[in-house]
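Data first, discussion second: the structure below is written as structure tokens.
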Amino acid sequence: VQLQASGGGLVQVGGSLRLSCTASGRTFSTYGVGWFRQAPGKEREFVTAISPKSFYTGYTDSVKGRFTISRDNAKNTVYLQMNSLKSEDTAAYYCAAHRWIGVISQAMAEYDYWGQGTQVTVSS
């Protein structure tokens with residue numbers, strides 16, 4: 001599975017962005033997909049993830065109520081809708097996929113495939 005993240009950019013505080021993660025491969029619908037982010041000088045952290053058939057989602061506390069993950073398996077794409085953006089959301093955002101094991105995974109080590117990052121910059 002190869003992943004391509006896109007949709008990053010510069011946005012003002014309070015604004016919105018939608019990131020996309022498009023995958024190659026016919027088995028994408030059997031993978032859980034997550035988004036992680038890494039701010040300058042900080043470790044990469046879990047943001048959100050979704051199960052293969054969208055039955056389950058998980059979010060880190062700091063984005064609950066503001067970010068929404070979704071997927072369209074027919075398009076091999078996972079989306080991250082980010083609303084009410086804050087300056088602390090500034091980071092490179094990475095999508096990743098893992099073979100589904102029945103639970104949402106927040107651990108980077110459990111993800112098998114990674115896309116390149118897409119930069120999100122929230123300015124005040």
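Counted over all Cα-Cα pairs of the chain, pairs farther apart than 23 Å make up 22 percent.
What the phi angles of the stretch 33-46 give under the Karplus curve with 6.51, -1.76 and 1.60, with θ = phi - 60°, is a coupling list of 10, x, 10, 10, 9, 9, 8, x, x, 10, 6, 5, 10, 5 Hz, glycine and proline written as x.
Taking a point 7 Å out from the Cα of Val103 in the direction of its Cβ, the residues of the stretch 40-58 whose backbone N falls within less than 19 Å of it are 46-58. Taking the chain as a Gaussian network of alpha-carbon nodes connected by springs under 10 Å, the highest mean-square fluctuation of the residues Trp35, Trp100, Trp114 belongs to Trp100.
Applying 1/(1 + (r/R0)^6) with r as the Cβ-Cβ distance of Ala74 and Glu43 and R0 = 30 angstrom yields a FRET efficiency of 0.30.
Taking the Cα centre of the stretch 9-68 as reference, the dipole from Cβ charges on Lys and Arg (+1) and Asp and Glu (-1) amounts to some 140 debye. When only Cα pairs below 8 angstrom with a gap of at least 6 residues are kept, the chain shows a relative contact order of 36 percent. A DSSP coil position with no more than 13 other Cβ atoms inside 10 Å describes the following chymotrypsin sites (Phe, Trp or Tyr not before Pro) in the stretch 41-96: Phe55. Note on the chain: GNM, Cα springs under 10 Å; of Ala97, Ala49, Ala74, the largest mean-square fluctuation is that of Ala74.
Site pair Leu10 and Ser124 shows an inter-label distance of 1.8 nm when each label is modelled 7 Å from Cα along Cα→Cβ.
Rounded to the nearest 20 debye, the dipole magnitude of the chain is 280 debye, with +1 charges on Lys and Arg beta carbons, -1 on Asp and Glu beta carbons, and the Cα centre as origin.
Among Asp72, Asp61, Asp112, which one shows the highest mean-square fluctuation when the chain is modelled as a Gaussian network with alpha-carbon springs under 10 Å? Highest fluctuation among the options: Asp61.
FYI, it's all coordinate maths here, none of it is from the lab. All values derive from a computational prediction rather than experimental measurement. Every residue, glycine as well, gets a Cβ built from its backbone with ideal geometry; the counts of neighbours run over all protein chains shown.
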